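The values are calculated or read from the model by the stated rules, or taken from the named source; none is laboratory data. Values in this document were obtained by computation on a predicted structure and should not be read as measured data. Glycine gets a Cβ as well: all are built from the backbone with ideal geometry, and neighbour counts include every protein chain shown. All accessible areas refer to the heavy atoms of the entire protein, side chains included, with ligands and DNA or RNA removed. Shrake-Rupley method; radii C 1.70, N 1.55, O 1.52, S 1.80 Å.
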Amino acid sequence: MRSKIILGFSLFLNFFFLISFLAFSFVYRDKFFQRFVSLKGNPKIVMYGNSITAQGKWVELLGRTDVLNCGLPGQCTYHFLQLIQSHVIDRHPKICFVMGGINDITVGVDPEKLQANYKSILETISKNKIIPVVTLTLYERNNPYSQAEVNRLNNFLITYCKQNKIEYLDLNQYISDSSGLKAEFAIDKTHLNTKAYKIWAAEIEKVLAKTGI
């Protein structure tokens, strides 16, 4: 009887640890995937941006293991410039999707400086024979000042991209209205939910199909 109790308890513990491991793996699966991509090296795709980019589960969203998430939570475009060599250039991707600017607007970076930073970022990517793709800066929820500054930045980016034959993605047309980011696509005033990330991923996949990457 005692041996049966011990055996049963042992089986229960094994089952418990197995379920715990599977649950842990599911919750942190994107971190595992990103670690794998980082160790494997030479990703074809780099996602470069702030916390909005960083929170995307890009391996899962795009269904491929050659995409590296190099999002920098809380960072501005001048941080992107400082880190672009290690986070993008040295990774040798074929294409880099860039989005930033909202943190610059929040902390009051001069609009001309912000535009100059973005221009330098795109020039640096291009001169290293990496395809840059801009995701236009997203609106925040119910913030008229921020929205006006986002419009100013995006108008600059659209003009620059057209002049330099750079692809750009405009997610605002899908996830925002006249008051800014729609509640149905947001988890707070700035960040996106899964529904919005799926729209973003679908737009990225169109570019990847067009470029053959």
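A compact table of results
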item	result
Residue 196 loosely packed, with under 15 Cβ neighbours inside 10 Å, in a helix (DSSP H, G or I) and not β-branched (Val, Ile, Thr)	no
Close pairs from the range 155-168: first over 18 Å from residue 95 (Cβ atoms), partner at pLDDT 95 or above, Cβ under 6 Å, at least 6 apart	156/115
Hits in the range 132-160 - residues which are assigned to a helix (DSSP H, G or I), exposed (fewer than 15 other Cβ atoms within 10 Å of the Cβ) and of a type in the set (S, T, N, Q)	151, 155, 159
Within the range 89-102, tally of residues that are closer than 19 Å to residue 161 by Cα and open to solvent by 10 Å² or more (accessible area, probe 1.4 Å)	1
Residue within the range 173-189 that is loosely packed, with under 12 Cβ neighbours inside 10 Å, more than 17 Å from the chain's Cα centre (by Cα) and of a type in the set (Ser, Thr, Tyr) present	yes
Positions within the range 89-115 being in a loop (DSSP other than H, G, I, E, B) and either closer than 23 Å to residue 148 by Cα or small (Gly, Ala, Ser) (or both), in sequence order	100, 101, 108, 109, 110
Matching residues, the range 109-131, being in contact with an Asp or Glu (Cβ under 8 Å, 6 or more places away or on another chain), open to solvent by less than 30 Å² (accessible area, probe 1.4 Å) and not hydrophobic (A, V, I, L, M, F, W, C)	117
Those residues of the range 53-88 which are in contact with an Asp or Glu (Cβ under 7 Å, 6 or more places away or on another chain), in a loop (DSSP other than H, G, I, E, B) and surrounded by fewer than 20 Cβ atoms within 10 Å (Cβ to Cβ), in sequence order	57
